[in-house]
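Inspection log for the structure reproduced underneath, given as structure tokens.
The values are calculated or read from the model by the stated rules, or taken from the named source; none is laboratory data. Source: prediction; values computed, not measured. So basically every Cβ, Gly included, is an ideal-geometry build from the backbone, and we count neighbours across all protein chains shown. Heavy atoms of the whole protein, side chains included, go into the accessibility calculation; ligands, DNA and RNA do not. Shrake-Rupley method; radii C 1.70, N 1.55, O 1.52, S 1.80 Å.
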Amino acid sequence: MCDDRIHEIDKEANINSILCYTNKMRKRKKKRKSNFILTFLLTFSLVTLIGVFCILAYVLLRENGSSAGKNPPAKEVISLVPEAVPVGDALEEAGGPEEEPSKYGALLADEAYMAANNMYAKEAAEEEQVTIAFAGDILFDANYAVMATLLQKGGDIHNGIAPEVMEEMKSADIMMVNNEFAYSDGGAPLPEKQFTFRAKPSTVSYLADLGVDIVSLANNHSYDYGEQALLDTLETLKGAGIPYVGAGVNEEEAMAPVYFIVNDMKIAFISATQIERLDNPDTKGATETSPGVFRCWNGEKLMQKVAEAKAESDFVIVYVHWGTENQEETDWAQNKQAPELVAAGADLIIGDHPHILQKIEVIDGVPVIYSLGNFWFNSKEIDTGMVRIVLTKEGLQSYQFIPCLQSHCRTALLTGAEKERVLAKMRAMSVGVEIDADGYVRW
């Protein structure tokens with residue numbers, strides 16, 4: 001029995017030894033694990049500190065190098081480039097970010113080519129868009145009511161065109177009107193023509209006052225005082241720096257588009273007249289050797305010019321003199337030629353001649369206003385208006401009709417109930433389009 005007790009005691013001692021040994025091993029493992037974690041954290045911290053130190057050293061060395069004139073950061077280079085200078089090449093040479101190359105940069109740099117091809121550089125108020133506005137017929141002849149009344153009031157154009165209308169005109173990047181008379185002191189009125197219009201060459205300054213950038217001469221009054229007065233008109237406009245379309249010293253010039261390059265977009269303007277509809281009209285059509293207007297009663301040459309302009313432009317505008325005077329409905333010749341112009345490549349069609357407003361229509365996505373009516377032309381009280389569009393490189397972004405009223409030899413902007421009255425009239429005529437309360441047209 002004593003031996004059994006001794007055996008149990010030895011057994012218990014062995015167990016205690018084993019437990020003691022196990023506890024020691026656990027403590028050693030725990031200690032090794034703690035040492036490992038501590039070592040890892042110390043190593044990570046040391047590496048991080050070394051990395052931060054290297055980065056700081058690199059930045060300090062680069063700044064010291066920049067201050068010595070070596071490799072300035074691209075941002076500094078950009079800030080030194082004038083806004084008017086294309087910066088793409090400059091940034092590339094400086095090692096900065098590349099800009100999208102200018103589509104027309106090389107063309108703009110060739111001033112001789114630009115001048116020889118009726119191309120004009122133009123700055124826009126905003127970098128990403130171009131605003132273009134259009135109005136109808138104007139008349140500066142002192143023998144007729146609008147100009148006679150203006151001269152009686154001292155000759156200030158504000159007494160003929162209300163300041164708020166002038167603000168709309170001048171705020172456009174490009175403003176276009178129909179110049180329905182000759183600038184000349186010479187020539188003689190065409191015999192047997194009931195109304196003939198001629199203004200003093202000095203009145204061309206009113207165009208600048210109104211913010212006009214381009215005029216159409218394709219109408220039935222540019223030739224009222226004959227060939228010499230038309231030639232005087234061309235020279236007067238050139239002297240004032242106002243581009244013109246629709247007439248010229250010969251057919252080539254009369255048919256030639258005018259191009260504006262603005263915000264890296266090339267915009268073509270073409271103008272022609274269907275009036276008068278005679279084989280031998282009072283308003284002579286230009287020929288290969290004689291001055292006159294661009295006639296489009298036979299539209300073949302007009303369609304050809306539109307197609308040519310479309311091939312080398314981003315947007316083509318056709319300003320056409322057509323329709324029947326004082327008739328609200330469009331006539332068969334307008335209805336025939338409008339789709340032909342669209343098929344040829346026109347992106348926008350602006351019409352005049354009827355002296356009153358006509359409908360807005362959209363043909364295959366191309367908006368057409370068939371007549372803007374008189375803008376500042378006679379003493380009649382008559383509804384009129386302006387069209388204002390916004391273009392981007394993606395195309396036409398907005399189209400707005402702005403109601404105005406010609407009354408008592410003055411053109412004013414309409415507001416309130418009168419504005420809504422004219423918009424309601426345009427809605428009634430313009431089937432297939434929506435015109436909202438601000439005159440924006442949607443289709």
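Among the listed pairs 301/359; 284/310; 200/266; 200/310, which are separated by more than 32 Å between their Cα atoms?
In this structure, 200/266; 200/310 lie more than 32 Å apart at Cα.
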**Request:** Report the FRET efficiency, 1/(1 + (r/R0)^6), for residue 431 and residue 252, where r is their Cβ-Cβ distance and R0 is 45 Å, rounded to 0.05.
**Result:** 0.70
**Prompt:** Of all DSSP beta bridges in the range 152-306, what percent run antiparallel (nearest 5)?
**Reply:** 45
**Prompt:** Top to bottom by accessible area (1.4 Å), largest first, where do 310, 419 land?
**Reply:** 310, 419
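Multiply the residue separation of residue 392 and residue 228 by 0.36 nm, subtract the distance between their alpha-carbon atoms, and state the gained length in nm to one decimal.
In short, 54.9 nm is gained.
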**Item:** Debye log10 I(q)/I(0) at q = 0.15, 0.21, 0.22 Å⁻¹ for the range 119-229, Cα point scatterers
**Value:** -0.71, -1.17, -1.24
**Asked** With every protein chain left in place, what is the accessible area per residue of the range 150-206 in square angstrom, probe 1.4 Å?
**Response** 46
**Complete:** Per the rule of 0.36 nm per residue minus the C-alpha distance, extending residue 202 to residue 279 adds in nm 24.3 nm
**Request:** Return the carbon/sulfur percentage of the accessible area of the range 114-189, one whole number, probe 1.4 Å, all protein chains in place.
**Result:** 44
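What order, most packed first, do the peptides 398-406, 215-223, 323-331 have when packing is the mean number of other Cβ atoms within 10 Å of each residue?
Ranked by mean Cβ neighbours within 10 Å, highest first: 215-223, 398-406, 323-331.
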**Prompt:** Over the range 264-330, what number does the Rg to Rh ratio reach, with both radii from the alpha-carbon atoms and Rh per Kirkwood?
**Reply:** 1.03
**Fill in**
For the range 150-197 the translational diffusion coefficient, Stokes-Einstein from a Kirkwood Rh over Cα pairs at 37 °C and viscosity 0.692 mPa s, in µm²/s, is roughly 237
**Message:** Quick check on packing: order 120-127, 234-241, 356-363 by the mean number of other C-beta atoms within 10 Å, highest mean leading.
**Reply:** 356-363, 234-241, 120-127
**Prompt:** With each pseudo-label sitting 7 Å past Cα toward Cβ, what's the residue 332-residue 363 distance in nm, one decimal?
**Reply:** 1.6
**Prompt:** Can you pull the percent of the range 294-443's accessible area that's carbon plus sulfur, 1.4 Å probe, other chains left in place?
**Reply:** 49
**About the Cα centre, charge dipole magnitude for the range 388-443 (Lys/Arg +1, Asp/Glu -1 at Cβ), debye** = 180
**Request:** May I ask for the distance between the Cα centers of the range 196-233 and the range 121-176, given as a whole number of Å?
**Result:** 14
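Among the listed pairs 193/419; 122/380; 170/238, give every one whose C-alpha distance is greater than 27 Å.
Flagged as over cut-off: 193/419; 122/380.
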**Prompt:** residue 195 label point, 7 Å along Cα→Cβ, cut-off 19 Å on backbone N: hits in the range 221-262?
**Reply:** 221-226
**Prompt:** Solvent-accessible area per residue for the range 265-349 at a 1.4 Å probe radius, Å²?
**Reply:** 41
